[in-house]
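Here the structure comes first, spelled out in structure tokens, and everything after it is commentary.
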Amino acid sequence: MSNLYSTQTKGKQLNLSMDELLTFYGILIASGYSSVPRRHMYWSVDNDVHNESISGAMRRNRFDDIMASVHVVDNSKITDDPFFKVRPIFSELNHSYKIMPFHEWLSVDESMIPYYGRHGCKQFIKGKPIRFGYKVWSLASSSGYMYHMEPYCGSHTLLPETGLGQGPSVIIGLAEQAQVPQGCKFVHDNLFTTLSLMDEMTKRGYGSSGTMRQNRLFDVSFTPRNAFMKLPRGTSEVLCQGEKLLVRWKDNNIVTVATNMEEKYTETSVKRWNRHRRAFDNVQQPKCISRYNEHMGGVDLHDLQVSRYHIAIRSKKWWWPIFAWSINSALVNGHLFNRDVIGGTIDLLTFSRIVSQSLLQRFGTKPLSHGRRSLLSATVENQARYDKASHWLNTMHRFQRCRHCEKRTTYAYNIED
């Protein structure tokens, strides 16, 4: 597709091979853990910024040509899908991510891909670490392994409509598209949780647990919120509706959790800081809330790992952040697969370096010669004029006379050494 795009838009043959494309990926990954202010510095011969592994695998101009023409779709077959240019990336990754067996506990949440340009699908979410960008509905394990992701694009979002609302439709749609086996347990926040979702997940054979918003507790006979806030910390209320268990607990604030995975209500002890006594108190906490805190956050954990060594090379194309994010996401999943399935012990940084250097050394082509010397090298060498060691020096004075010809000059000869 990159060769086709170069021919369609630029009128010239790119002749991109698979080896060059893999080398291109290796350079992008390397930029995540070894960044410079401008990408051309990777090919500089200056010792302070020179990168031998990158400059020895591909020429700078060739990298620029690939960067300008890299593509994953045929533009002549455009559709009304707002994410048409990157749709094959999501499809391919969602298919390849299923190599990992499904964990028992699964987390559903929204991921944000940072983007500050103009696009109809760019979102603003107040209070998020990444407020501006593309929103992606994500299904991940509690350890951070991503199983399925679907970009949000309004009515064009490729998730089935269940009639239960947006939140339940997202969870049920991700479970269907990812082909999650029965018996898995989903945890999700109050954006997704409704009582109707609990009933539907029970019918489908899935466990479900999530916090609930106050305005979704229509006919639930809990104590009024203002009265419950005055009760001591650790107070809880429990209601059963069919196979659903509704629990309200008083901590620093009121927490309401709905679950279909608890046959009976149980509690556990946790420590909370008492600012009046300036010591820790043992407080009773519902077991369902303890399990929710333990297994929720898999998507956030995946986003954290992606952001640590994200690709630093940027582009003005609107879809480039998604393209770069998908490479980092695949790296994180590869690292988790290596750790959990193969039994590897290396960290994410070392794993990224191994992948990058393997691509560069195996598929890169060493240039026959280096390019022109940078202006910085010449400038540094010219500084030798001012070291006062038997050079013709510029004295920085306008009116001095030459001892031999008595003409005006700004240069003098240093005879100290």
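The values are calculated or read from the model by the stated rules, or taken from the named source; none is laboratory data. Treat the numbers as computed from the prediction; the structure is a model and nothing was measured. FYI the Cβ positions are ideal-geometry reconstructions off the backbone, even for glycines, and counts take in every protein chain you see. SASA here: full protein model, heavy atoms, side chains in, ligands and nucleic acids out. Shrake-Rupley method; radii C 1.70, N 1.55, O 1.52, S 1.80 Å.
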### Query
Which chymotrypsin sites (Phe, Trp or Tyr not before Pro) in the stretch 33-137 pass both tests, a DSSP loop state and at most 16 other beta-carbon atoms within 10 Å?
Tyr116
### Query
Based on the alpha carbon coordinates of the stretch 45-181, what radius of gyration and maximum Cα-Cα distance (Dmax) apply, in Å?
18.8, 62
#### Entry: Difference of contour (0.36 nm per residue) and Cα-Cα distance, His370 to Arg204
53.5 nm
### 11 Å beta-carbon shell around Cys184, net charge (K/R +1, D/E -1)
+1
#### Entry: Relative contact order for the chain, counting Cα pairs under 8 Å that sit 6 or more residues apart, in percent
19 percent
### Query
Tell me, what is the per residue accessible area of the chain in Å², probe radius 1.4 Å?
56 Å²
### Query
Among the lysines, which have Cα under 18 Å from the Cα of Lys135 when same-chain residues fewer than 8 positions away are ignored?
Lys85, Lys122, Lys126, Lys317
### Message
Using the basic label-point model (7 angstrom from Cα toward the beta carbon), what is the Glu104 to Ala312 distance in nanometres?
### Response
4.3 nm
### Query
Per 10 Å bin, what is the whole-percent P(r) computed from every C-alpha pair distance within the stretch 122-178?
21, 48, 31, 0
#### Entry: Relative contact order [Cα under 8 Å, 6+ residues apart], the stretch 203-293, whole percent
26 percent
### Summary
Within the under-13-Å Cβ sphere about Glu262, not counting Glu262, Lys/Arg +1 and Asp/Glu -1 give a net charge of +2
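Can you check what the Kirkwood hydrodynamic radius comes to for the stretch 74-124, Cα pairs only, in Å to one decimal?
The Cα-based Kirkwood calculation yields 14.1 Å.
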#### Entry: Choice from Ser53, Ser208, Ser141 with maximal GNM fluctuation in the chain (Cα, 10 Å cutoff)
Ser53
### Normalised convex hull volume, the chain, alpha-carbon set, Å³ per residue
275 Å³
#### Entry: Cα gyration tensor shape of the stretch 269-346, rounded if a/c is under 1.5, else prolate or oblate by comparing a/b with b/c
prolate
### Message
Output needed for the stretch 1-106: three equivalent-ellipsoid semi-axes, defined as square roots of 5 times the C-alpha gyration tensor eigenvalues, in descending order, whole Å.
### Response
29, 23, 12
### Query
Could you give the nm distance between label points at His95 and Glu52, where each point is 7 Å from its Cα heading toward the beta carbon?
4.1 nm
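Can you give the Rg to Rh ratio of the stretch 260-307, both from alpha-carbon atoms, with Rh computed by the Kirkwood formula?
Radius of gyration over Kirkwood radius for the stretch 260-307 works out to 1.15.
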### Message
What do you get for the angle between helix 166-178 and the principal long axis of the chain? Use alpha-carbon atoms, 0 to 90 degrees, nearest ten.
### Response
70 degrees
### Task
Would you mind estimating how fast the stretch 203-293 diffuses translationally, via Stokes-Einstein at 4 °C and 1.567 mPa s with the Kirkwood radius over Cα pairs, in µm²/s?
92 µm²/s
### Task
Run a plain Debye calculation on the stretch 44-103 (Cα atoms as equal point scatterers, no solvent) and give log10 I(q)/I(0) at q = 0.14, 0.20, 0.30 Å⁻¹, rounded to two decimals, same order as the q list.
-0.71, -0.85, -1.19
## Note on the structure
Taking protein heavy atoms only, a 1.4 Å probe, and rounding to whole percent, the accessible area of the chain owed to carbon and sulfur comes out at 51 percent
### Message
Run through the stretch 161-215 and list the trypsin sites (Lys or Arg not before Pro) located in a DSSP loop whose Cβ has at most 14 other Cβ atoms within 10 Å.
### Response
Arg213
### Most mobile listed residue (Glu243, Glu406, Glu200) in the chain, GNM with C-alpha springs under 10 Å
Glu406
### Query
aspartates and glutamates near Lys287 by alpha-carbon distance under 16 Å, same-chain residues fewer than 8 away left out - which ones?
Glu237, Asp251, Glu262, Glu263, Glu267
### Query
Taking the chain as a Gaussian network, Cα atoms linked when under 10 Å apart, which of Ile172, Ile89, Ile254 shows the biggest mean-square fluctuation?
Ile254
